[in-house]
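Each remark here refers to the structure printed beneath this line.
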Amino acid sequence: MNAGESSKVAIQARALGRMGEAELDRSPTALDKIARQVRRSVITMIDKAGMGHVGGDLSVTDILTALYFGVLRVDPTMPDWPDRDRFILSKGHCVGALYSVLAKRGFFDEALLADFLAPLSPLNGHPNRRKVPGVEANTGPLGHGLPIAVGSAIAARLSGCNWRTFVVLGDGELQEGSNWEAAMCAGHRGLERLTAIVDRNRLQQGARTEETNRLEPLADKFTAFGWDVLEVDGHDMPALLDMFGASGDGRPRCVIAHTSKGRGVSFMEDRVEWHHKVPNADEVAAALKELSA
Amino acid sequence: MTTAVASAVQPAPVFDCRQAFAETLMELAAKDPRIVAVCNDSVGSSNLGAFAKAHPDRLINVGIAEQCMVGTAAGLANGGFIPFVCAASPFLTGRALEQIKADVAYNDYPVVLCGMSPGMAYGELGPTHHSIEDFAWTRAIADLTVLVPADPAQTRAAVRWAAAARRPIFMRVGRFKVPAVTEDGPFDPDRIAELAAGSDVTIVAAGTMVSRALEAHSLLAGEGIAARVLNVSTLKPLDAETLVQAARQTGRIVTAEEASVHGGLGGAVAELLSQTHPVPMRILGVPEFAPTGDTAFLLDHFGLNAKSIAAAARELVA
C-alpha cells in the first residue's frame, strides 16, 4: 500500500466480520505479546516515515494495549456504535502507538500503517476521527483531551447509558491549565464513569517535568480536586488491567501510571532526546532485536 | 423574511436578541432531548434562567472555565447531544479559540457556539469585554459556519436552523437593542438578503449595522442616490453570487460591521471582489481599542451610524 492508493479518502472501517469479545485472549501474557508487537510496529513506522514521537509511543504502549484488548467495550466493525466506551488520547503526538493498537484491534488493515505520515495519508501525525475509524477526538494541542472526556462522561450520564470514558494524559501536558479546569469540573460533578490515566514518564520534550514546571505531588493534586487516585506500574499488565477494570465510588478515577519513556528499547529508555528523535538504521535494527526477545 | 421594513421616521421599537435566542432554545429543547446548553457562569447574561428551571440536567454550567466549556461541549456532541455553548463572545472566542478550532471545527462536531453580547455591547466595560475580533478569528477557521443574525426574528430562525444543521457553527447573539429588519421565516444560510433595492452603491451590513444601513438608504434616497442594502447573516461561507452581482450592478461597495476593520466582513468582501469584480470600497468598522463610552456612543464614535454610512456611500458615488 503506498500513499497514492490510500490517499484522499478516509479509511473505511474494515468489514472483517465481528471481532467479538469472546475471540480476544485477554490474559496478561497475551497482552504483553501484543504490546511487544505494537512496539515493533511503532519502530518500523517511524523508521519508514522518518518522523514520529518514539519515546512517548513506547511509554504509552502497555496502557493502550491494556485498554483496547482488555477493557474497552468497542466493536471495530461499528466504530460509531453509540454505546461504545470512549477513549481519547490527549497526548495526540503519540498517535503512532494508537494507530498500531487500533489496527491490531481490527479497526483497519495493519498494512495501512506503512503509510504513516506519507503525503495525503489518512494517518496524520495527530489523530483524525474524520479519517481514521476508532479515533474519538482529534487531539494534538495539549490539554484538550480531559475537557472532551468530561463532556463525554456527562453525555453518558444524561442519556442514561452506561458507557465509560477513558482518557490518556501525558504528564508534561498537565502543565496546561485547561486540564485543571476539567479536573475541577469532573470532581465537582462526581463523574465516576470517567477514568484519566496519566502516562507518568517524567520527561517532557525538553527536560524532566520536575525540572521544567514541577507536577509533584501529583496524586495529592488530583485527590484535592475530588478524584479517586491510584498509582500503578504502567508497564505491569496485570496491575494495569486491575486498575482499569475496577469501578469508581462516585468520584472520577485518576490512574497515575508510572512509565518509562522509550520503554522496551534499552538505549532509548528514560532519555529526553528520544522524545522525537528518529533512530538510524543500526538503531532500528538494535531496537527491533531487543523487542523480539 | 427578506422584505425591507419601511424606513423609520419615528423611532422604531428595539429589541435585545438574547431574549429571542433564549425563547427559541427553550422551544427546541422541549421537543428535542439532545439539545443542551453549556455555559461559563453565564446563566443570567445568556438569559438561560428559564432553561435552567425547565431542564436543570441539560444546563451544564462548568463555571468560569471557557476552555473546559468548549471541550466539554465537544465531548457532549461525541455522545450524541447538540450543545449550544452560551458565553460572552470575547471570552468564548478569545479564551477558547484553540478549542473552537481543534475540538469543535476540526472534529466536525455539531456544536453551536453562541457568542453573546458581541461587538461593543459591553460598552463602558471596555476593550477587554468587547468582541470585535470574533469575525476575523472565526472566519479563519475551516469548516466553521459563522452566522450574524440582524434582529430577533432572524435570531430565532438562525437558532432553529443551527439546531438541525449538524455542523460546527459560531453565531453572534446581540445584546445591543436593534429594530426589527426581517420577518419571520426560515433561515437561509446560503443567501445574502437584499433588504433595499438600489443601483448606485451597495451597503453590505451585518448584525447591528443592518438597521443603520437601512437608515442610510433613506438618507441617500433623499439626495437621489439609490443605495442597495444587503444583510449578511452568514459571514462564512459567503454568498459570492449576490455580492459579485452587487459589485457588477452598482459598482461601489460600503461595508459596515460592529467588528474590527481587519479580517471581518469588509475583509471578506474585499477578498472576494478583488479576485472577481474589483470595485471601489469603503470598510467601516472598529479600527482600534475603544475609549470609554456606552455602546451607542461608541458606535457613533467610530462612525458606525446612518450618517457616516451615508457619507461613505456619497463619497464613493461622487
> Using 7 Å Cα-to-Cβ label points, what is the A:LEU288/A:GLU211 separation (nm, one decimal)?
Replying inline: 3.3 nm
> Which aspartates and glutamates have a Cα lying under 16 Å from the Cα of A:LYS48, excluding residues fewer than 8 positions away in the same chain?
Replying inline: A:ASP57, A:GLU110, A:ASP115, A:ASP282, A:GLU283
>> Quick check on the range B:108-157: take the gyration tensor over C-alpha atoms, sort the square-rooted eigenvalues as a ≥ b ≥ c, and tell me if it's rounded (a/c under 1.5), prolate or oblate.
In response: oblate
>> Along the Cα→Cβ direction, 7 angstrom out, place labels at A:ASP25 and B:VAL244. What is the inter-label distance in nm?
In response: 6.3 nm
>> Can you give me the C-alpha center-to-center distance between the range A:199-255 and the range B:158-222, rounded to a whole angstrom?
In response: 52 Å
> For the range B:256-290, which GluC sites (Glu not before Pro) are in a loop by DSSP, counting at most 10 other Cβ atoms within 10 Å?
Replying inline: B:GLU288
> Do the alpha carbons of any pairs in B:LYS101/B:LYS307; A:LYS221/B:LYS101; A:LYS221/B:LYS31; A:LYS91/B:LYS31; A:LYS91/B:LYS53 sit beyond 32 Å of each other, and which pairs?
Replying inline: B:LYS101/B:LYS307; A:LYS221/B:LYS31; A:LYS91/B:LYS31; A:LYS91/B:LYS53
>> Using 0.36 nm times the number of residues separating B:GLU98 and B:ARG166, minus their current alpha carbon distance, what extension gain do you get?
In response: 22.4 nm
> 222 nm [θ] for chain A, helices only, -39500 (n - 2.57) per DSSP H run of 4+, per residue, to 500?
Replying inline: -11000 deg cm²/dmol
> Taking θ as phi - 60°, what are the ³J(HN,Hα) couplings along the range B:100-111 by the Karplus curve (6.51, -1.76, 1.60), each to the nearest whole Hz, with x for Gly and Pro?
Replying inline: 5, 5, 7, 6, 9, 6, 5, 6, 6, 8, x, 9
> Stretched out fully, how many nm does the piece from B:ILE64 to B:SER199 gain, at 0.36 nm a residue minus the Cα gap?
Replying inline: 43.7 nm
> When all alpha-carbon pairs of the protein assembly as shown are counted, what percent fall beyond 45 Å?
Replying inline: 27 percent
> How big is chain B on each of its three principal axes, counting only the C-alpha atoms and giving the largest first in Å?
Replying inline: 59, 40, 37
>> Can you work out the Karplus-derived ³J(HN,Hα) for every residue in the range A:129-135? Use 6.51 cos²θ - 1.76 cosθ + 1.60 with θ = phi - 60°, whole Hz, and x for glycine or proline.
In response: 5, 6, 10, 10, x, x, 7
> Could you work out the helix-only [θ] at 222 nm for chain B, with each DSSP H run of four or more residues adding -39,500 (n - 2.57) and the total divided by the number of residues, to the nearest 500 deg cm²/dmol?
Replying inline: -11000 deg cm²/dmol
> For chain A, rounded, prolate or oblate, judged on the Cα gyration tensor with a ≥ b ≥ c (square roots of eigenvalues), a/c < 1.5 rounded, else prolate if a/b > b/c?
Replying inline: oblate
>> Going Cα to Cα from A:LYS33, which lysines come in below 18 Å? Please leave out same-chain ones fewer than 8 positions away.
In response: A:LYS104, A:LYS289
>> Taking the number of other C-beta atoms within 10 Å as the exposure measure, put A:LYS277, B:LYS31 in order starting with the fewest.
In response: B:LYS31, A:LYS277
> Using the beta-carbon distance between B:GLU315 and B:LYS31 and R0 = 45 Å, what value does 1/(1 + (r/R0)^6) give for FRET efficiency, to the nearest 0.05?
Replying inline: 0.35
> Other chains near B:61-69: what is the mean number of their Cβ atoms within 10 Å of each residue's Cβ?
Replying inline: 6
>> Tell me the angle of helix B:66-78 to the major Cα principal axis of chain B, expressed in degrees between 0 and 90 and rounded to the nearest ten.
In response: 70 degrees
>> Per residue of the range B:214-220, what does 6.51 cos²θ - 1.76 cosθ + 1.60 with θ = phi - 60° give for ³J(HN,Hα)? Whole Hz please, x for Gly and Pro, Karplus curve as stated.
In response: 5, 5, 4, 4, 5, 4, 5
> Can you sort A:LEU64, A:LEU215 so the residue with the fewest Cβ neighbours within 10 Å comes first?
Replying inline: A:LEU215, A:LEU64
> When chain A is treated as a GNM, springs tying every alpha-carbon pair under 10 Å, which of A:ARG253, A:ARG208, A:ARG193 comes out with the largest mean-square fluctuation?
Replying inline: A:ARG208
>> Shape verdict for the range A:54-148, please, from the Cα gyration tensor: rounded (a/c under 1.5), prolate (a/b greater than b/c) or oblate.
In response: rounded
> Which value in nm describes the separation of the simple spin-label points at A:MET51 and B:HIS129, placed 7 Å from the Cα toward the beta carbon?
Replying inline: 4.5 nm
> Pulled fully out, how much extra length does the chain show between B:ASP294 and B:ALA54, if you take 0.36 nm times their separation in residues and subtract their Cα-Cα distance?
Replying inline: 83.0 nm
> What is the calculated FRET efficiency for A:ASP242 to B:ASP41, with r their C-beta to C-beta distance and R₀ = 41 Å, to the nearest 0.05?
Replying inline: 0.55
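Bear in mind these aren't lab numbers, they're just calculated from the coordinates by the rules spelled out. Treat the numbers as computed from the prediction; the structure is a model and nothing was measured. Cβ coordinates were reconstructed from backbone atoms using ideal geometry, including for glycine residues, and neighbour counts include every protein chain displayed.
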